[in-house]
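K.L.:
Just dropping this structure here.
All of the numbers you see were taken from the coordinates with simple rules; none came from a lab. Fair warning: this is a prediction, and the values are worked out from it, not measured in the lab. A quick note on method: Cβ atoms are made from the backbone with ideal geometry, for glycine too, and the neighbour counts reach across all protein chains shown.
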Amino acid sequence: MNHLKAALNHFAMTSQLIGHNLDQVEQRYGVNLGRENTKIIEADKEYYPQIEQDIRNEAAAMAPHYEVFYSLEKTVRRLITDTLVTGSGVDWWKSQRIPRDIRNATEKRQREEIDSGVTPRSDDPIDFCTFGELGEIIKANWNVFGATFSSVKAVEHVMVVLNRLRGPIAHCCLLAEDEILRLRLAVRDWFRLME
């Protein structure tokens, strides 16, 4: 266990040093490498420093993986929306294109969010779909998505891998080194499916 803790501390320190070096590159060459997400949000300055340093180090280490997955998931949602709008028009969500169980589940999630009194995340029902449901929408509409992807089985496989990787990212657990590599490969696989 001490070896693991030492390795994590080493990793966190190395990440901080790399971040510092990147700060210097940005400053020296006047470029923005899009790393603003590594800075403390102004509103959290009072409370964030109270969080233990090892947890903050883990968060900094996980931030790039969250960003990759967030971007990929938004890309998948946009691809589904754009493809189904093209194939069925702007009312595609209300058409027979969306399996009834997925439509019911998303409507329930929307209602629960409204009833909880929080600001709804979106007006678009697709934003209430789980990642797994996105894969089911693609499979249910293969007659439209088959022109985009090379194989329904391959899409299903990549979506399963991505969905498994999403768990630790979404639930604030560190990704193991092998899983970081698997995430990178799965993202590449996703885009390779569209070639």
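K.L.:
Just the number, please: Stokes-Einstein D of region 52-192 in µm²/s, Kirkwood Rh from C-alpha pairs, 20 °C, 1.002 mPa s. Please report the intermediate quantities before stating the final value.
P.N.:
On the way: Rh = 16.5 Å.
Estimated via Stokes-Einstein, D reaches 130 µm²/s.
K.L.:
Going 7 Å from the Cα of Lys94 along its beta-carbon direction, which residues of region 116-149 have the amide nitrogen within less than 17 Å of the resulting point?
P.N.:
Residues passing the 17 Å test: 123-126.
K.L.:
Let me ask something else. Where in region 138-167 does the label zone of Arg192 land, with the point 7 angstrom along Cα→C-beta and an amide N cut-off under 16 Å?
P.N.:
Answer for this model: 149-162.
K.L.:
Using the basic label-point model (7 angstrom from Cα toward the beta carbon), what is the Arg78 to Tyr66 distance in nanometres?
P.N.:
Simple spin-label model gives 2.1 nm for this pair.
K.L.:
While we're looking at this one, here's another question. Identify the chymotrypsin sites (Phe, Trp or Tyr not before Pro) of region 88-193 meeting these criteria: DSSP loop state and at most 11 other C-beta atoms within 10 Å of the C-beta. Working shown, then result.
P.N.:
On the way: sites: Trp92, Trp93, Phe128, Phe131, Trp142, Phe145, Phe149, Trp190, Phe191; in loops: Phe149.
Those that pass, being in a loop and sparsely packed, number zero.
K.L.:
Work out how much length Val152 to Asp101 would gain on full extension: take 0.36 nm times their residue separation and subtract the Cα-Cα distance, in nm to one decimal. Don't jump to the answer; show the numbers that get you there.
P.N.:
Working: separation 51, 0.36 × 51 = 18.36 nm, distance 2.05 nm.
Additional length available on full extension: 16.3 nm.
K.L.:
Quick one: order Cys172, Cys129 by neighbouring beta-carbon count within 10 Å, fewest to most.
P.N.:
Details: Cys172 11, Cys129 23.
Arranged by neighbour count, lowest to highest, Cys172, Cys129 become Cys172, Cys129.
K.L.:
Among Met159, Met62, rank each residue by its count of other Cβ atoms within 10 Å, from fewest to most, as a rough exposure measure.
P.N.:
Details: Met159 21, Met62 17.
In order of increasing Cβ crowding within 10 Å: Met62, Met159.
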